[in-house]
Every structure is written in structure tokens, then in C-alpha cells.
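Have a look at the structure below, then the notes.
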Amino acid sequence: MPGTHPRELGLTADCESCFGLCCVALPFSASSDFAVDKEGGQPCHNLRDDFRCSIHERLRDRGFPGCTVFDCFGAGQKVSQVTFEGRSWREAPETAARMYAVFPVMRQLHELLWYLAEALTLEAAEPIHASLRRAFDETERLTREEAGTLERLDVSAHRAEVNELLLRTSELARAGLKGTERRGADLIGARLRGARLRGANLRGAYLIGADLRGADLRQADLIGADLRGADLSGADLTGAVFLTQAQLNAAKGDTTTHLPPTLTRPTHWTEASAKPTQTPRPRSPRHPSRGRRR
């Protein structure tokens, strides 16, 4: 397990092996993230017959940035190819409702597998590796249950059990760093440029739109932290604990942002940094800018 990349464990999305479940099973509302409303169980109008997105390369331009930050942690292909044995909701319409119900459960289990797999790579967590391995194996076993069992699964209770181990992992990984305690903190729009947050506990913190340029986030626990619109340009996230690709996709950054080796620099970061800086136009007084919470 140590050193194994999440892709080798089936914990990264393989859209070619999925029946477009995130584009069908999940609902969304018209907002800054989505251009239209969509009910759960209703195929997105951009979904093609081959289960691919017809505007995949232009999602942000077409008003669907929310799609670009979603990550199923490989749950889509597990439900499609394992739970339902390669039969799609189009081929077997009678299975559709159950497939849509199982998908969010599977996603939660795969997210837990991602965190447990990372915990097992941390030398600092070696004292609890045996417990982490048992939790990983049990969670993996659950992902291979039949659809009816997954529908009835109390996934919240399982998450709570696993979270105790993840909390202990975080404590071991950050031991001796004396990081600040900001668990669940409201840091929306916070000015944290160059902040020394090494080893900080930022679990579940609201960092929406925060200025984290040049911040030291090494070994910080970022599980569940909301990084939508946060500026990570030049920030150091080396060794950040429980950071996911979805969190990075929701944030802003550039080529100088230091990332853990298992994560990929989002394409919109490099595209944005390549564009020339433009002088902003003055706003009309009839269209005031929206304020940000500090």
C-alpha cells in the first residue's frame, strides 16, 4: 500500500468506464456554478449518447464550472462496471433509480478510501497502520456489496468510525509543528497572504475566496476545507494532509504553487497565468460589486 498512487487503486475518475452518472444522478441549481437547473435522475442536456459531455472542453466558458471541480474518486466506474456489471441505465432502464441511489453512497466510500490510502503512506502514522489497513479493507469490501445492500448502508456511521482514525492520523502527521487550530473556522475572504500555516488544523474551514498567495501550508490538515475561489498562487502545499484534486480544481493558483506529488495542477490555473494582465474597467454605479464576508 505505501507509495501506491490513487490511480492504481481505482480512486481517480475513469470517465471512459462510467455511464455518465455524475451527469445524470446528481441534481444542480442554476447559479454561478451551473447555467441551468437539473433534477436528480435527469440526464444533463449536454450528455451525449456515448455518455460523454458535449461541451467538456468549454464547461467554464458555457457556465458550468461546477462540473469541472467535481470528483467522484472513481465511484462512477465502480458502480457502472462492478455493481451493475457493465449494464447502463439506458440498456436496463429498470435499474436506473437504484443506480442513481447507489452512486452517492459509493462516492462517499471511495472518498474514504482516498483518505485511508493517503494515511497509509504517511510514516508518521505508522503506529496506527494496522488499524488503517483494516478500515481500508472493510471500506473496500463495502464497495463490492450488491446494490440493495449499498442502498441500505448507514454510510454516515461508517464515516464516523473512519474519521476517528483520520483524526489520529492528522495529529501524528502534524505532531511537533505547533500549527494553529482553525478547524471549521470562517475564513471566507480572509487576507492570509504569506501566512505561516504549516501544520495548521484547517479541517472543514471555510476558505472561500481567501487570499492564500505565498502561504506556507505544508503539513496542514485540509480535509473538508472549502477552497472555492481561494488564491493559492505561490503557496506551498507540500505534504498537505488529506488535500484532494477537487479542492484544487475549485481554487485558483499558478505554476509556482507547490503541490503534493499525487495531485495534478488544474489546467485553468496555467491558462489563467498565461493570459496578459488587463486593467479592469470601472464599474457602473448601477451595477455595484458584491461584498465579501471577511
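Each reported figure results from applying straightforward, stated rules to the coordinates on display, with no laboratory input. Just so we're clear, the structure is a prediction, and the values are computed from it rather than from any experiment. In this analysis, Cβ positions are derived from the backbone assuming ideal geometry, glycine residues included, and neighbour counts consider all displayed protein chains.
Brief remarks on what is shown
- Straight Cα distances below 14 angstrom link K78 to the aspartates and glutamates E8, D14, E16, E111, E140, E145, E146, with same-chain residues fewer than 8 positions distant left out.
- Counting beta carbons within 10 Å around each of M99, M106 and listing the fewest first gives the order M99, M106.
- Max mean-square fluctuation residue, GNM over the chain, Cα-Cα springs under 10 Å, options L207, L26, L113: L26
- Net dipole in debye of the chain [+1 Lys, Arg Cβ; -1 Asp, Glu Cβ; about Cα centre; nearest 20]: 1640 debye
- Lys, Arg +1 and Asp, Glu -1 on Cβ, resulting dipole of region 75-190 about Cα centre, debye, nearest 20: 200 debye
- Among 228-236, 116-124, 10-18, the peptide with the highest mean count of other Cβ atoms within 10 Å heads the list, and the full ranking is 228-236, 116-124, 10-18.
- Selection from S32, L21, P266 lying farthest towards where the dipole of the chain points positive, charges on Cβ: S32
- Sorted by Cβ neighbour density within 10 Å, fewest at the top, the residues S131, S156, S80: S156, S131, S80
- Local net charge near E181, Cβ-Cβ under 12 Å (Lys/Arg +1, Asp/Glu -1): +3
- FRET efficiency, A35 to R90 (Cβ-Cβ, R0 30 Å, nearest 0.05): 0.80
- The ranking of C44, C72 by Cβ neighbour count inside 10 Å, starting from the fewest, reads C44, C72.
- Positive-pole candidate from P43, Y115, A130, dipole of region 6-173, charges at beta carbon: P43
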